[in-house]
1. Treat each spin label as a single point 7 Å out from the Cα along the C-beta direction, and report the Tyr25 to Arg73 distance in nm.
2. What residues qualify as long-range amide H neighbours of Glu99, i.e. H under 5 Å apart, gap of 5 or more or another chain, H built at 1.01 Å from N?
3. In which sequence would His47, His41 go, from the one with the fewest C-beta neighbours within 10 Å to the one with the most?
4. For His63 and Ala2, FRET efficiency with R0 = 30 Å and r from the beta-carbon atoms, rounded to 0.05?
5. Once the piece of chain linking Ala54 and Lys14 is laid out straight, how much longer is it, given 0.36 nm per residue of separation minus the C-alpha distance between them?
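Read-outs throughout are calculated quantities, based only on the coordinates presented, and are distinct from any laboratory measurement. Source: prediction; values computed, not measured. Note that each Cβ is placed from the backbone with ideal geometry, even for glycine, and that neighbours are counted across all protein chains shown.
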Amino acid sequence: MAKLVKITFQPMGKTVEVDLDTMPYKEHGLPASFLDVALNHGLHLEHACGGNCACTTCHVWVHQGQELLSEARDDELDRLDMAADLQLNSRLGCQAVIERPGEIVVEIPAWNRNYVSEGGESVMASPAVGGAGTTKKEE
Ligand code: FES
């Protein structure tokens, strides 16, 4: 039986539907993590450490569907402690695994979106770049 999940990535407003049983693994982060879903659908989610729980660039806020996710392990919680803008709904996109069917809404924080580049390439912006109005908008 298919395990269907609908995930909306904000603020892009991009919604994707995946079957967790058949989605291929893209080899970054844990299988069926937000990072894995993003890579499967051509959505850029920064992952400077390659999805190994060694940075915080994949930090996301889960606005809906937290109950569908794996519990955060100690290494994820330790890493999140170093993340900017930590909130109660913060997760690492490479470590939060979608385990149950349903609907999820996740937001990529603005400071993280400043790393977004066209074509999915990772571009580390300098600290001087990242103020208001520097986020690229989708056309
Ligand atoms: Fe580095 Fe998720 S990509 S912790």
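1. Here the modelled spin labels are 1.3 nm apart.
2. Close amide H contacts, sequence-distant or interchain: Leu69, Ser70.
3. Least to most surrounded, the residues fall as His41, His47.
4. Once the sixth-power term is evaluated, E becomes 0.75.
5. Details: separation 40, 0.36 × 40 = 14.40 nm, distance 2.69 nm.
11.7 nm is the gain from fully extending Ala54 to Lys14.
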